[in-house]
């Protein structure tokens, strides 16, 4: 599967601005400007969002509220800087939004907020976004609009009971236009997912809930796109789940798999090093 | 009142195909007619209220007009955060109907009794709170709720206590509706099931009685004018005396036209015993005799002209 899918993916149709180092650079600039936390949580989903915005989602770049857009629901709202970086590339956010992150009177918050153009849900209180995404997918299915909904949840977020309610409902409602994408970075705020609340075999759990499920390396853009396409080709009335194995803090050496970067902040030296590493990766 | 509610739902759904009814596996017989007439607009979302409210938010974002049905112990109280974050923050047009409010489920105990629902929602921005007193008011209120641009909590309490109004009342957003006029300087303001009790006491005192189909917003100008003409108010509700109609009335008049207000409601206690609704009302001091014992000495401080 991988070989033919990779050939398919090498078609030059990825929108070039959704380039992971470029997105990570924006995140680091924001985080430094705002003395913000949640860097690690944003870095684990950069490639996932790049693929969705750059290749799979259909939307009107001139209108964030286009009523027939595909939906990206960031249920793990604490990864929102990764989404901001994408929205900035779309021109839905301004340079000032990046440079004045968290400054008094600014509009971008530390968690996903539905008042921001391009953010579908207000999240960060976890376990909310998936249900809203299910409602969006249900409305699209009822109206036969062809719209899809991609809901990005954290593996830690799956502790929330409402996630399981939403999974049951999505399968019962036969929402094959819904894809739950799990950012499986293996960590949550206070430890690894296994230490805090053992998740076990997540693929098996999704399967047991009547989802079509695939696992993927969440930083391999070719593999992500191949998996998304393979899942979407299954128009069988079953909702989809993509379990993306990711690295919390991916892209900056001192953050990778260091859970402190859920809450740690940049200082000038760390900021400079992060930029050097990211720019090195893009060279 | 339940027939009126069923009719209102069917009327809403047949007139507007965007209307979708979601229930958390409650209200079986209540929805017989709806399911027969509008099967494609009916969703049993299962015993999963948090998800149900999130789904309703998603449907509303996509342009539908969801009506979420639950018992008021669950909708809104169990799902308060979903209502706040997923619906109210975006001012989405979702109607939440909380059935069996107050002490209706007298035999089922604390899990199904709800007298904190109004208080919970009053501090949440953008949501309106309606609390009709009879079938006529329910029908008129529901039409107003459907016309709102934002979220509404529709509180339905004891349903079989008979009519207050003789026809559909004319409603104005936030306004009280006069049930009887009177000459006594103490004015009675009640909501839901307690309007009937208020009317009985109003008859005894020859006091004017007003029904409050809205708890939020309240028409401050109307209340202020009433307070300016009255010596005192009595508020009556099958809800906690803290944070409900009584609290809302006091807050409304406190700044410009403060007068004494006796708040009749449920006190700082849960139900301890089991029995009929009438028994539960007696346990909480909301039966006519107990309310009369509190209201009469209060009203006697001000003589009728």
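Only the coordinates and a few stated rules stand behind these numbers; no lab work does. Keep in mind the model is a prediction, meaning the values are calculated, not measured. Reconstructed Cβ throughout: ideal geometry from the backbone, glycine too, with neighbour counts over all protein chains shown.
Observations, loosely collected:
- Region A:2-282 has equivalent-ellipsoid semi-axes of 28, 21, 19 Å, by the square roots of 5 times the alpha carbon gyration tensor eigenvalues, sorted largest first.
- Among B:140, B:198, B:225, the residue with the largest mean-square fluctuation in a Gaussian network model of chain B, with springs joining Cα atoms closer than 10 Å, is B:225.
- Span from the region A:151-167 Cα centroid across to the region B:30-94 one, whole angstrom: 19
- Once C-alpha pairs closer than 8 Å and six or more residues apart are averaged by separation and normalised to the residue number of chain B, the relative contact order reads 15 percent.
- Dividing the mean sequence gap of close Cα pairs (under 8 Å, 6+ apart) by how many residues chain A holds gives a relative contact order of 24 percent.
- Extending 7 Å from the Cα toward the beta-carbon at both residue A:203 and residue B:180 defines two label points whose distance is 7.4 nm.
- Our helix-only sum for chain A, with -39,500 (n - 2.57) per DSSP H run of n ≥ 4 divided by its residues, gives a mean residue ellipticity at 222 nm of -11500 deg cm²/dmol.
- Degrees separating the helix B:2-15 axis from the principal Cα axis of chain B, which is the longest one: 50
- Peptide B:58-69 is shielded by partner chain Cβ atoms: per residue, an average of 5 of them sit within 10 Å of its Cβ.
- Beta bridge orientation in region B:177-299: antiparallel %, DSSP, nearest 5: 20
- Taking the average, over residues, of other Cβ atoms within 10 Å as the packing measure, peptides A:100-106, B:277-283 rank B:277-283, A:100-106 from highest down.
- Build a GNM of chain A with springs between Cα atoms under 10 Å apart, and of A:53, A:150, A:271 the one that fluctuates most is A:271.
- Region B:177-299: translational diffusion in µm²/s, Stokes-Einstein, Kirkwood Rh over Cα pairs, 10 °C, 1.306 mPa s: 110
- Once you divide the Cα radius of gyration of region A:176-283 by 2.2 N^0.38 Å, the number left is 1.29.
- Spacing of the two label points (7 Å from each Cα toward its C-beta) at residue B:296 and residue A:271, in nm: 7.6
- Paramagnetic reach from residue B:126 in region B:53-77 [backbone N under 20 Å; point 7 Å along Cα→Cβ]: B:53-69, B:75-77
- Evaluated at q = 0.19, 0.20, 0.28 Å⁻¹: base-10 log I(q)/I(0), Debye formula over Cα of region B:1-43: -0.48, -0.53, -1.05
- Efficiency of FRET from Cβ geometry, residue B:37 and residue A:172, R₀ 30 Å, rounded to 0.05: 0.85
- Over all Cα atoms in region B:36-108, the spread is summed up by Rg and Dmax: 12.8, 40 Å.
- From the largest down, region B:265-305 spans 44, 19, 10 angstrom on the principal axes of its Cα atoms.
- Directionally averaged projected area (convex hull, Cα atoms, region B:2-155), nm²: 8.0
- Per-residue average of Cβ from other chains inside 10 Å of A:58-69: 0
- For region A:36-141, diffusion coefficient by Stokes-Einstein and Kirkwood Rh (Cα), 25 °C, 0.890 mPa s, µm²/s: 174
- Cα extents of chain B along the three principal axes, largest first (Å): 59, 41, 34
- Residue by residue along A:113-123, Cβ atoms of other protein chains within 10 Å of the local Cβ number 3 on average.
- Taking the longest Cα principal axis of chain A as reference, the axis of helix A:20-34 is set at about 60 degrees.
- Computed from Cα positions, the angle between helix B:49-61 and the longest principal axis of chain B comes to roughly 80 degrees.
- Sorted on the mean count of surrounding Cβ atoms within 10 Å across their residues, most packed first, peptides B:121-131, A:205-215 read B:121-131, A:205-215.
- Calculated mean residue ellipticity, 222 nm, chain B: -10000 deg cm²/dmol, from DSSP H runs (n ≥ 4) at -39500 (n - 2.57) each, averaged per residue and rounded to 500.
- Distance between the modelled labels on residue B:28 and residue B:170, one decimal in nanometres: 4.4 nm (7 Å Cα→Cβ projection).
- Rg ratio (alpha-carbon, reference 2.2 N^0.38 Å) - region B:70-193: 1.10
- Gaussian network model of chain A, Cα within-10 Å springs - most flexible of A:153, A:28, A:258: A:258
- The relative contact order of region B:2-155, computed from alpha carbon pairs under 8 Å that lie at least 6 residues apart in sequence, is 23 percent.
- Relative to its Kirkwood radius, the Cα radius of gyration of the protein assembly as shown gives an Rg/Rh of 1.06.
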